[in-house]
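Note sheet for the following structure.
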Amino acid sequence: MTEDILGIDTSAYTTSIALTDADSKEMLCDKRRVLKVKPGQKGLRQQEAVFQHLKNFQELYEEIEPDLKNIKVVSVSSRPRNVEGSYMPVFTVGQNFGKTIAKTLNCKYVEYSHQENHIAASLTDNYKEITDNILAVHISGGTTEFLSAKKAAKGYEAVIVGGSMDITFGQLIDRVGTLMEFPFPCGMHMEKYLEGNPDSENIKLPAISGKSYINLSGMENYYKNLYLSDKYSRESIISSLFKYVADCILHIIKHVKTSYYFDTVIIAGGVASNGIIRRRVLEKLNNEFKIILPAKENSSDNAVGVSFLPIIDRWYNEIKTN
């Protein structure tokens with residue numbers, strides 16, 4: 001009989017469910033629904049996101065075609081980070097649904113963090129090769145954190161060693177994007193706009209403030225002023241913004257490596273799905289580290305990683321006891 005793992009992740013902007021066969025490692029289903037944000041808004045309040053998750057989860061769960069009786073583990077992202085006190089209301093939706101499903105099916109229930117989910121989603125193909133000396137870069141609408149990470153008996157241990165001290169990369173992109181009247185979240189719409197409107201001007205990139213930890217709020221005003229000045233085209237400003245974010249990633253990695261050893265760099269989170277940012281970082285780092293960029297769809301929020309984490313844990317603990 002097949003043994004399946006149901007993964008659940010209810011993040012700030014996406015309801016996600018994934019189902020993985022524990023033996024074959026085959027992804028049996030991957031359901032996601034981005035939360036709706038009204039035009040002009042720069043995000044969602046937690047209570048609004050919770051309400052949408054409650055509706056979305058039921059609908060996505062009903063779409064699962066494989067036999068639910070084969071589910072032997074329910075694996076849930078229950079918190080943002082794997083540290084005491086880490087909490088966001090949105091994750092309680094997945095937590096409560098997960099506990100109810102596990103009780104109903106009389107199967108195992110396990111919790112991980114949202115960040116561990118992103119790390120695992122990046123390593124589904126090579127988790128046996130990479131267990132330590134990892135710099136995990138988690139860049140999204142709510143997070144800009146650089147983590148010194150390694151495999152633990154359960155999930156991954158991680159310590160923050162760099163990042164932003166004010167707003168995140170995702171917030172910077174979204175705030176400039178909403179000013180330009182792109183739908184929220186703006187990054188993918190801005191990138192798509194560039195496909196038909198290539199950059200025609202070379203805007204000088206601003207200096208980066210900080211070392212392993214940087215400040216970004218000043219850049220929000222910088223790019224807003226560029227746009228409002230009417231001196232540069234929209235595509236040139238967007239291109240400059242994406243290049244600036246890529247250079248910030250490179251800048252932080254440069255400073256982090258002076259204090260921490262790592263040979264593998266994982267770059268995940270919604271911002272990491274941006275093609276311009278990915279190419280610019282790869283061009284600079286590919287010969288220095290093993291760079292892991294998950295598939296674009298697994299860079300953004302998903303439940304693939306959390307459905308795979310029990311498989312990684314089982315393998316890791318088996319080799320540790322041999």
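Among the residues making up the range 200-225, a single one is among the polar types (S, T, N, Q) and touching a His at 6+ places or on another chain (Cβ under 8 Å): SER212. Selection within the range 131-146: residues that are part of a loop (DSSP other than H, G, I, E, B) and among the small types (Gly, Ala, Ser). The member of this set that is surrounded by the fewest Cβ atoms within 10 Å (Cβ to Cβ) is GLY142.
Give the number of residues within the range 8-49 that are of a type in the set (D, E, K, R) and buried (at least 24 other Cβ atoms within 10 Å of the Cβ).
At the first step, the residues of the range 8-49 found to be of a type in the set (D, E, K, R) are 9, 21, 23, 25-26, 30-33, 36, 38, 42, 45, 48.
Subset that is buried (at least 24 other Cβ atoms within 10 Å of the Cβ): 9.
Within the range 8-49, residues that are of a type in the set (D, E, K, R) and buried (at least 24 other Cβ atoms within 10 Å of the Cβ) number 1.
Taking (1) surrounded by 18 or more Cβ atoms within 10 Å (Cβ to Cβ); (2) on the phi < 0 side of the Ramachandran plot; (3) in a loop (DSSP other than H, G, I, E, B) in turn, THR2 satisfies each apart from (1).
The residue that is surrounded by the most Cβ atoms within 10 Å (Cβ to Cβ), counting only those in the range 50-61 that are of a type in the set (A, V, I, L, M, F, W, C) and closer than 30 Å to VAL176 by Cβ, is VAL50. Apart from one condition, ALA121 fits all of (1) touching a Phe, Trp or Tyr at 6+ places or on another chain (Cβ under 9 Å); (2) surrounded by fewer than 24 Cβ atoms within 10 Å (Cβ to Cβ); (3) within 28 Å of LYS192 (Cα to Cα); the exception is (2).
Each residue in the range 213-245 was checked for being within 17 Å of VAL271 (Cα to Cα) and aromatic (Phe, Trp, Tyr), and 2 of them qualify.
For (1) in contact with a Gly (Cβ under 8 Å, 6 or more places away or on another chain); (2) farther than 16 Å from ILE249 by Cβ; (3) not in a helix (DSSP H, G or I), each residue gets a yes or a no:
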{"position": "ALA120", "(1), (2), (3)": "yes, yes, no"}
{"position": "GLU129", "(1), (2), (3)": "no, yes, yes"}
{"position": "LYS150", "(1), (2), (3)": "no, yes, yes"}
{"position": "ALA153", "(1), (2), (3)": "no, yes, yes"}
{"position": "GLY170", "(1), (2), (3)": "yes, no, no"}
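State yes or no: is SER113 surrounded by 20 or more Cβ atoms within 10 Å (Cβ to Cβ), in the same structural domain as ARG314 (by TED's automatic domain parsing), among the polar types (S, T, N, Q) and touching a Ser or Thr at 6+ places or on another chain (Cβ under 9 Å)? Yes.
Please find, within the range 39-63, the residue that is farthest from THR20 (Cα to Cα) out of those that are in contact with a Lys or Arg (Cβ under 9 Å, 6 or more places away or on another chain) and modelled with pLDDT under 95. Looking at the filtered set, the residue picked out is LYS42.
Within the range 261-301, if we keep just the residues that are among the basic types (Lys, Arg) and in contact with a helix residue (DSSP H, G or I) (Cβ under 6 Å, 6 or more places away or on another chain), the residue that is modelled with the lowest pLDDT turns out to be LYS296.
Would you tally the residues in the range 177-193 being assigned to a helix (DSSP H, G or I) and over 18 Å from the mean Cα position of the chain (by Cα)? Give the steps one after another, and end with the answer.
Step one: list which residues in the range 177-193 are assigned to a helix (DSSP H, G or I), which gives 177-179, 187-193.
Applying the additional criterion that residues be over 18 Å from the mean Cα position of the chain (by Cα) yields 177-179, 190, 192-193.
Within the range 177-193, residues that are assigned to a helix (DSSP H, G or I) and over 18 Å from the mean Cα position of the chain (by Cα) number 6.
Among the residues making up the range 73-92, those that are of a type outside the set (Ser, Thr, Tyr) and either within 22 Å of ALA152 (Cα to Cα) or in contact with a Gly (Cβ under 7 Å, 6 or more places away or on another chain) (or both) are VAL73, VAL74, VAL76, ARG79, PRO80, ARG81, ASN82, VAL83, GLU84, GLY85.
The residues of the range 147-200 that are surrounded by 20 or more Cβ atoms within 10 Å (Cβ to Cβ), among the hydroxyl-bearing types (Ser, Thr, Tyr), farther than 18 Å from ALA246 by Cα and out of contact with any Phe, Trp or Tyr (no Cβ under 8 Å at 6 or more places or on another chain) amount to a single one, TYR156.
Of all residue pairs spaced 6 or more apart or on separate chains, those with beta-carbon atoms under 9 Å, a first member in the range 11-34 that is assigned by TED's automatic domain parsing to the domain that holds PRO89 and a second member that is among the aromatic types (Phe, Trp, Tyr) and surrounded by fewer than 19 Cβ atoms within 10 Å (Cβ to Cβ) are ILE17/TYR61; LYS31/TYR61.
If you scan the range 311-322, which residues turn out to be over 15 Å from GLY7 (Cα atoms), part of a helix (DSSP H, G or I) and not aliphatic (A, V, I, L, M)? Before the answer, list the steps.
Here is the first cut: in the range 311-322, the ones over 15 Å from GLY7 (Cα atoms) are 314-322.
Of the ones still in play, those that are also part of a helix (DSSP H, G or I) are 314-321.
Matches in the range 311-322: ARG314, TRP315, TYR316, ASN317, GLU318, LYS320, THR321.
The values are calculated or read from the model by the stated rules, or taken from the named source; none is laboratory data. The structure displayed is predicted, hence computed values, not measured ones. In this analysis, Cβ positions are derived from the backbone assuming ideal geometry, glycine residues included, and neighbour counts consider all displayed protein chains.
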